[in-house]
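Let me begin by presenting the structure, written as structure tokens, before commenting on it.
The values are calculated or read from the model by the stated rules, or taken from the named source; none is laboratory data. Because the structure is predicted, anything quoted here is derived from the model rather than measured. A quick note on method: Cβ atoms are made from the backbone with ideal geometry, for glycine too, and the neighbour counts reach across all protein chains shown.
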Amino acid sequence: MARALSTRLPEMSGAPDYRLNMTGAPFEIVTATHADSPLLFVCDHASNALPAAYGTLGLDPALFGTHIASDIGAGEVTRTLAAAFGARAVLARWSRLLTDLNRGADDPTLVMQLSDGSLIPGNAGINRAEIEKRIESFHAPYHAAIAGAIAAMRGRDIVPVIVSMHSFTPVWRAFRRPWEIGILWDRDGRLAQPLIAEFTRAGFVVGDNEPYSGELENDCLYRHGTMLGLPHVLIEMRQDLVADDAAARAFAARIKPVIERGLAAMGTPTLKFTRPLANGPLTSGVGMDERTREQLEAAAFRRLVAHLRAHTDVQNIDLMNLAGFCRNCLGDWYREAAAEKGITLEKDQAREIVYGMPPAEWKKRYQKEASQEQQAAFVKAHKTHS
Ligand SMILES: [Zn+2]
């Protein structure tokens, strides 16, 4: 359906105000112009380029203009949105044909040998050594760049909100996809739900976990969003709406205020964990249902708390200086988790669960006066908290 695209945002007039930093790295970084912006855009399928050494992977060059090589329009929408919000972005520099950055490193579809009916000769029969080389050269550094951006923001006491941009083909296996925008999410609907509502209100045909499901274990958002407890969402755009750079920029201008309203409706970003701890390659084969995994996590937490209760000589300030958290933090985390379940606990009530007694009593019995050295170390380590 035809739809008039809105005019450019004022922030986007004239020269782009984002600073694009292209390095030899397998990713592209857009630095934040608003350092305190909680937004972090990622675009796993931004590029159709291949490093020269890979040629065309034996593919017909014409296929590099199709969705097989990249998510058409997604990169330009991402750059435009990041600039308009003054936010950070991490984009793939190389094509998904090399490694799919939206897959775990152990995913069998990390390197596609066949895509939408086309055999990819340079990937067919690929051996383990070449897969490892590609992970090391392309996949790992890209994810390290996202992790680095998140760590930098956490260091500034920002809870990042990750928005992953993708695009989808209008037709798939003879099915004409009706959606203009797809909002993909797993279990953390904090941002997805308000975005679905706002996009619908703005007149978009919105897919809720369409055309794909957001429940892929070990994909980009599972790793950087779900497992870190950060608010996140994946936005899929239909490719005919973002088919060239000008259309992509106009589309970005059109969806920016919608994203803004979704963020406002979500409220202040906080940490929220919606899945048990992830299995790594060593444990992925261990059969355990989710309830059991949660029970094991609870058992480990109880033992940690029991340990801290027994070792009253271990001072909170030393824990803070060494590890960046202490008994009070554990109590606060417990309190936040309770609040998620609609259970209101006072600060001291939650901390009492960790201390095994009212915090004031523990302090009187066991807390030693902090030395000047300890206090100085605390100030140095936590100056961002002041
Ligand atoms: Zn994609």
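Report whether or not Lys256 is within 22 Å of Val159 (Cβ to Cβ), assigned to a loop (DSSP other than H, G, I, E, B) and either touching a residue at least 24 places away in the same chain (Cβ under 8 Å) or not assigned by TED's automatic domain parsing to the domain that holds Leu330 (or both). Answer is no for this residue. Against the numbered list (1) within 16 Å of the ligand (Cβ to nearest atom); (2) farther than 18 Å from Val159 by Cα, Arg249 comes up short only at (1).
Within region 217-254, the set of residues being of a type in the set (A, V, I, L, M) and out of contact with any Leu (no Cβ under 9 Å at 6 or more places or on another chain) comprises Met237, Val242, Ala243, Ala246. Here are the criteria: (1) touching a residue at least 12 places away in the same chain (Cβ under 8 Å); (2) away from the ligand (no atom under 16 Å from the Cβ); (3) surrounded by fewer than 18 Cβ atoms within 10 Å (Cβ to Cβ). Tell me which single one Gly86 does not satisfy. All conditions are met except number (3).
Highlighted here are the helices (runs of 4 or more DSSP H) found entirely within region 139-233 that include at least 2 residues which are under 11 Å from the mean Cα position of the chain (by Cα): 140-155, 220-224. Residues in region 234-253 that are over 14 Å from the mean Cα position of the chain (by Cα), buried (at least 17 other Cβ atoms within 10 Å of the Cβ) and not in a loop (DSSP other than H, G, I, E, B): Glu236, Met237, Arg238, Gln239, Leu241, Ala247, Ala248, Arg249, Ala250, Phe251, Ala252, Ala253. Would you mind stating whether Ala46 is modelled with pLDDT of 90 or more, buried (at least 18 other Cβ atoms within 10 Å of the Cβ) and more than 16 Å from the ligand (Cβ to nearest atom)? No: the conditions fail for Ala46.
Let's see how each residue does on (1) among the acidic types (Asp, Glu); (2) under 25 Å from Arg223 (Cα atoms); (3) in contact (Cβ under 8 Å) with a residue 24 or more places away in the chain; (4) not assigned by TED's automatic domain parsing to the domain that holds Asp106:
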| position | (1), (2), (3), (4) |
| --- | --- |
| Pro281 | no, yes, yes, yes |
| Ala298 | no, yes, no, yes |
| His307 | no, no, no, yes |
| Val314 | no, no, no, yes |
| Tyr334 | no, yes, no, yes |
| Ile343 | no, no, no, yes |
| Gly356 | no, no, yes, yes |
| Trp362 | no, no, yes, yes |
